[in-house]
Every structure is written in structure tokens, then in C-alpha cells.
Amino acid sequence: MIFIFAFSSSCGDEFKAQDSYLEQCPTKVFDKGAIVFDSILICGTSMVPQEKITHAANVSAQWLDNNQDGVLDNPEVVEELKRNKATLLMSETGFSEIFMIQNFAAIEKGGFFIQDLYAEETDPERGRDASQEEIHHLIWGAGFAAVHPEVFDDQSRDSKIYSAWKFSDEKGYYKYNDPTCDDFCKTMEHLYKATAALLDSSEDLAEYEFMIKSSGELVGKHPMMMDIFQSDEYEYPQTMWPDGNYLQDGGIEYLN
């Protein structure tokens, strides 16, 4: 299990138990949410607007059905997400430290594989939409890494994505200066940035973290990364960058 949380200094009514809480979610502070392809659970607090839940659900669906034909790209991965209880926890601006101290043990006991996401950073009116990144981390950590560990295990120095990160690091293609992020953390962050280059998401490549800025540059400079993306073992998203507008009617069940 992996728990990746950003903390907020606030601990007001947002983190109090709700009368209309969702039984599917790990604590009683969540009163709205969604289930995507019966595999990704999204839980939102009372301070998360419904439209943010909807956007996150659609982004999740687009990662799992990237060509949007209504057919799951990688059914084995989706089954693994379900088995690992992949869950996206949404708060307004981050979970309070008090909330985590009081609830961590219960969440761990429940076996949830968790990633958090702010409503504030989800489909914002200005700036980068962080939902694509956080949901990508959840899907690849709870799904792809388990089904294809030799390729996507971000906790192993023997995985292909670790070798790809090392290549970028040595070539000066990738710099991540967060002192709290170790080599394994950088491996998953690097995978996401390379995916942004593959799908030409200029908004995610605006900073000087990843120096390869397009799919064309990726082909020429990082053949190791392209081998991962184009492998016949699985279907990596290569059609479109998720924008929160999933074209199919099915696959998403909203909870309230």
C-alpha cells in the first residue's frame, strides 16, 4: 500500500464526520464520489464541488480508455486497481495533519491504495490541471506496477522506468529538486513527465523539470522511454491527453 498525501493546516468542518457519508469510502468525512470502471473509487469531502468529482472521474476514464471507444485498454490493470482498492481522496486544499493522525491506521487496515487530489488544483480556471498527474500516479502505482513490475515498479532499481529515469538524469534531461523525493519517487515523476511529452501536454512541461518538450524530441532523445511506451505487452495511452471530457456514457457511477 502507498499513501501519498499533501497536508493542509486547516482542520475545520471539512474533516468532521458527515451524516450523509459514503459507506464505500475509508472514513465518514466523504459525502460524494464516483466509481470509474468498477475499479477506481473517488471520495470527496463536503468542500469539494460536484463538478470537480466529475472532472476527476472523466480524467480517470480517459486514462483507462485512452482512445475513448468504450473498451478498456488494459483489463488486467483495471482488475488490479480493483483488487488494490485504488482510491482518489479529494479535499478542498489538502488533508489536515490532525485528520491523518486520527485516521491513518484505519485506512491502512482497510487496504486502500490512496492518492490525494485538491479540488483547488482540479480543472482550475487558471494554471495547470493537476488531476491528470495525480490520477496517473494512482493508476500506474496501484495497477500497472503490479501487473507489469519488470517495467513499472517504481520501487525497484531493476525496473525499466527506473533505468529510463537514470538515463534522463545522466543526460541532464530531468531535474527534480524536491528534497523529500528520493530516487524511486523521481522514477514515477519522470514517467509522468515523459508521458506528457509523448502526448504533447505543453502545460505540464512548461517548467524546467523535464527538458524533452514534445513527442518528436522524445523519439530522437530517449529511445528507452519510447520502447516502454510502444511495448506490445500492454497498451500505453498514446491517443490523447485527458481533458476531463470522456466521450462515452458508461463506465462512471456517481455516488451521493
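The values are calculated or read from the model by the stated rules, or taken from the named source; none is laboratory data. None of the values given here were measured: they were computed from a predicted structure. FYI the Cβ positions are ideal-geometry reconstructions off the backbone, even for glycines, and counts take in every protein chain you see. The accessibility values were calculated without ligands, DNA or RNA, using every heavy atom of the protein model including side chains. Shrake-Rupley method; radii C 1.70, N 1.55, O 1.52, S 1.80 Å.
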Could you provide, to the nearest whole Å², the per residue accessible area of the range 162-256 with probe 1.4 Å?
52 Å²
Counting only heavy atoms of the protein chains, get the accessible area per residue of the range 40-142 (1.4 Å probe) and round it to a whole Å² value.
38 Å²
Rounded, prolate or oblate: which fits the range 68-191, taking a ≥ b ≥ c as square roots of the Cα gyration tensor eigenvalues, rounded meaning a/c under 1.5, else prolate when a/b beats b/c?
rounded
What ³J(HN,Hα) values, in whole Hz, does the Karplus curve 6.51 cos²θ - 1.76 cosθ + 1.60 give for the range 144-154 when θ = phi - 60°, with x put for Gly and Pro?
4, 5, 7, 7, 10, x, 5, 9, 10, 6, 7
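Which order do the peptides 26-39, 71-84 come out in when sorted by mean C-beta neighbours inside 10 angstrom, highest first? Could the numbers behind the result be given before it?
Values: 26-39: 21.4, 71-84: 18.2.
Answer by packing, highest mean first, reads 26-39, 71-84.
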Would you mind giving the average projected area, over all directions, of the Cα convex hull of the range 9-60 in nm² with one decimal?
3.9 nm²
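When the convex hull of the Cα atoms of the chain is projected onto a plane and the area is averaged over all directions, what value comes out in nm²? Mind showing how you got there, number by number?
Working: hull surface 52.3 nm².
The Cα convex hull of the chain, projected and averaged over all directions, gives 13.1 nm².
Dipole magnitude of the range 12-106 about its Cα centre, charges +1 at Lys/Arg Cβ and -1 at Asp/Glu Cβ only, in debye to the nearest 20? Don't jump to the answer; show the numbers that get you there.
Numbers: 7 positive and 15 negative charges, 51 e Å.
Charge dipole of the range 12-106: 240 debye, to the nearest 20.
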Accessible surface of the chain, 1.4 Å probe, proportion on carbon and sulfur as whole %:
46 percent
What's the ranking of 230-243, 160-173 by average number of surrounding C-beta atoms within 10 Å, highest first?
160-173, 230-243
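For a 32 Å ceiling on Cα separation, which of these pairs sit above it: 52/85; 52/193; 85/186; 28/166? Mind showing how you got there, number by number?
Values: 52/85 21 Å; 52/193 23 Å; 85/186 24 Å; 28/166 42 Å.
The answer is 28/166.
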